[in-house]
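The block underneath contains the structure these notes are about, expressed in structure tokens.
The values are calculated or read from the model by the stated rules, or taken from the named source; none is laboratory data. Note that the structure is a prediction, hence the values are computed from the model and not measured. As a convention, Cβ positions derive from the backbone with ideal geometry for all residues, glycine included, and neighbour counts pool all protein chains shown.
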Amino acid sequence: MSHKVIVLISGGIDSPVAAHLMAEVGAEVSLLHLDNRPFTDEKTIKTVKELVDKLKKVHDEIECYSGTFGDVQKRIGKEGNEHFRCLLCRRMMYRAGEKLAHKINADALATGESLGQVASQTLSNLTSVNEAVSIPIHRPLIGLDKTEVVEIAREIGTYDISIQPTICCMLTPDKPRVRSELEEIEEEETKTRLLGMEKEIDFKKLTDQL
């Protein structure tokens, strides 16, 4: 029986490579892009669609869903502690992925996270975000450096798509937390009333939105 995995995909370099590596080892891959508008732009959706089309040339069974995420971002930006924004966002993204997993009978999530590459991907912060969901999280890039990831992206044809100019998330703080404790993250989620917002996320096939 195939292992069905939801890979969270952005318009960047890492997540398409993670999807490719999961498919390469035999996982049945469904992609999930969380639409952050108005904190990103239409170009991001277009880039993700191009990445999906390129991945399907290598793994034709891949499908992609899009989920509404702007309201979650608005709540984080308006009520959340600036330094915790990335962690709060990532925990909610995991919850969205878990919700879709239950809907389509997937077994696990996968991400393009690589240890220590950015502030939200320190060992401490990865531990904190893991606790947001109960299903397994795979990180096929966890021990790779950026040069190795870029090389794979070039091999599968996603690199030039991923480096197209788009608006990066406008909520990224100047000084994000690089170390966190689960208790303080959970306290911040309570303050910002984030818990349960994943239930309001609407999923559609990405092609239905373009």
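Out of curiosity, is Leu141 aliphatic (A, V, I, L, M) and either farther than 20 Å from Leu31 by Cβ or at pLDDT below 95 (or both)?
no
Can you say whether Leu87 is touching a residue at least 60 places away in the same chain (Cβ under 8 Å) and crowded, with 24+ Cβ neighbours inside 10 Å, as far as the supplied structure shows?
Criteria met by Leu87.
Only one of (1) under 14 Å from Val29 (Cα atoms); (2) hydrophobic (A, V, I, L, M, F, W, C); (3) within 16 Å of the chain's Cα centre (by Cα) is not met by Ile104, so which one is it?
With respect to (1) under 14 Å from Val29 (Cα atoms); (2) hydrophobic (A, V, I, L, M, F, W, C); (3) within 16 Å of the chain's Cα centre (by Cα), Ile104 is out only on (3).
Taking only pairs six or more apart or across chains, which ones have beta-carbon atoms under 6 Å, a first residue in segment 180-206 that is closer than 22 Å to Gln121 by Cβ, and a second residue that is part of a loop (DSSP other than H, G, I, E, B)?
Pairs that qualify, where the first residue is closer than 22 Å to Gln121 by Cβ and the partner is part of a loop (DSSP other than H, G, I, E, B), are Leu182/Glu131; Glu188/Asn81; Glu189/Leu195; Thr192/Gly80.
Out of everything in segment 170-203 that is in contact with a Ser or Thr (Cβ under 6 Å, 6 or more places away or on another chain) and surrounded by fewer than 18 Cβ atoms within 10 Å (Cβ to Cβ), what residue ends up being modelled with the lowest pLDDT?
Ranking the qualifying residues of segment 170-203, first place goes to Val178.
Of all residues in segment 57-69 being free of Cβ contacts under 8 Å to residues at least 60 places away in the same chain and loosely packed, with under 14 Cβ neighbours inside 10 Å, which is nearest to Gly97 (Cα to Cα)?
Across segment 57-69, the extreme among qualifying residues is Glu61.
Has segment 27-41 got any residue that is of a type outside the set (S, T, N, Q) and either free of Cβ contacts under 8 Å to residues at least 12 places away in the same chain or part of a helix (DSSP H, G or I) (or both)?
Checked segment 27-41: no residue is of a type outside the set (S, T, N, Q) and either free of Cβ contacts under 8 Å to residues at least 12 places away in the same chain or part of a helix (DSSP H, G or I) (or both).
Go through Ile163, Ile156 for me and flag whichever is surrounded by 12 or more Cβ atoms within 10 Å (Cβ to Cβ), farther than 15 Å from Arg90 by Cα and modelled with pLDDT of 95 or more.
Criteria check complete, one pass: Ile156.
Considering Ala19, Ala27, which residue is over 17 Å from the mean Cα position of the chain (by Cα) and modelled with pLDDT of 95 or more?
The match here is Ala27.
Looking at Leu88, Leu109, which one is modelled with pLDDT under 95 and of a type outside the set (Phe, Trp, Tyr)?
Sole residue among the options that is modelled with pLDDT under 95 and of a type outside the set (Phe, Trp, Tyr): Leu88.
In segment 29-53, what residues are out of contact with any Leu (no Cβ under 8 Å at 6 or more places or on another chain) and surrounded by fewer than 19 Cβ atoms within 10 Å (Cβ to Cβ)?
Residues satisfying the conditions are Arg37, Pro38, Asp41, Glu42, Lys43, Glu50, Asp53.
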